[in-house]
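Notes for the one structure printed next.
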Amino acid sequence: MTVWMDPRQMSVDQQVGLLFVLLFGALLLATAAATLLALRRGADRADPRHVRLLSDLRDLWLGAAVFWLAWVSGPVGATLAFGIFSFLALREFITLAPTRRSDHRSLILAFFVVLPLQYVLVGSRSFDLFTVFIPVYVFLAIPVISALGGDPQRFLERNAKIQWGITVCVYGLSHAPALLLLELRREEGRGAFLVFFLVVVVATAQIAQELMSRWLRRRPVARHIDRSFSARAWLAGALAAALLGAALFWITPFEAPQALAMAFIAAGAGTLGEFVMKALKKDAGVHSWGNRASITGAVGLLDRVAPLCFAAPVFFHSVRWFFQFRG
């Protein structure tokens, strides 16, 4: 006779094992089905929808790998890994943003001072300073350094691009490892589950939104940026992610209704963030951040983590405020 065990009563190791079976089992089945479907159609009749589905599945594989990396390496290793992700993502962003020789000092500041300092603040749990370091101090320092270069040509545009790259690739993404280090009452050592929860609901929202944009009648809100992005598809994607988040409440500090709300907030922010990044790519005249790899060395990492860069700070502060309010 099989006795059902409440997942919340399991030990942390048992929950990790259950997640491993559920997550990688589902990913293997979905990837195998999508690959076989693509092979049946043949290379000459490749459906763009299947190509996009395989890309979304790769994003889920990346998210799963991030979770296990965070779990195995611990807070220090995961923080270093996300720091490397930020460096590569910022590099991809800057290679597609025109800069001038006078910007070199600002770029050196961004890559070799701001980025490591931000992650040092994360690792030291200096959350009050961590949340204002870039939006306040760095935003004021970058134009000062640029002005000292003595080049006024397109000054505002150049500095705005550098500041935006730092905001998305460093400030936004650094909130993901910060979840590992949040000190939550009676939930010590479970930060990796919050990272897993965030990554999975954001990726689910992307896939669901893409599918719903094809099934629903298209009413794009900004057709010159993305013909498939509509309010109904966005809402459907966020709701699908919210339902999944409610189903995964047992790995979080939340009850099911709270997990549903948190997942909706994170998923909605992530898909809106992806929409914003599409606008930036349209402005740069590219289809993906990595499509000039032969010239810049970019690999398209920013395409994978862009939604997370927007969702992570929203989710981090939502979790933090929730526990402060609950006491």
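The values are calculated or read from the model by the stated rules, or taken from the named source; none is laboratory data. Here the structure is a predicted model, which is why all the values come from computation and not from measurement. Virtual Cβ from ideal backbone geometry, glycine too; neighbours counted across all protein chains shown. Heads up: the accessible areas ignore ligands, DNA and RNA and are worked out on the full protein's heavy atoms, side chains in. Shrake-Rupley method; radii C 1.70, N 1.55, O 1.52, S 1.80 Å.
Assorted remarks:
- Cβ crowding within 10 Å averaged over residues, with 203-212, 252-261 ranked highest first: 203-212, 252-261
- Annotation: extensible slack from Phe322 through Ser288 equals 8.6 nm (criterion: 0.36 nm per residue apart, minus Cα-Cα distance).
- 3J(HN,Hα) along region 271-283, derived from phi through the Karplus expression 6.51 cos²θ - 1.76 cosθ + 1.60 where θ = phi - 60°, amounts to 5, 5, x, 4, 4, 4, 5, 5, 5, 5, 5, 4, 5 Hz, with x in place of Gly and Pro.
- Across region 258-265, rounded Karplus estimates of 3J(HN,Hα) from the backbone phi angles (6.51 cos²θ - 1.76 cosθ + 1.60, θ = phi - 60°) give 5, 5, 4, 5, 5, 5, 4, 4 Hz, Gly and Pro being marked x.
- For Arg227, solvent-accessible area (1.4 Å; no DNA, RNA or ligand), Å²: 140
- Accessible carbon and sulfur surface of region 153-213 relative to its total accessible area, %, 1.4 Å: 58
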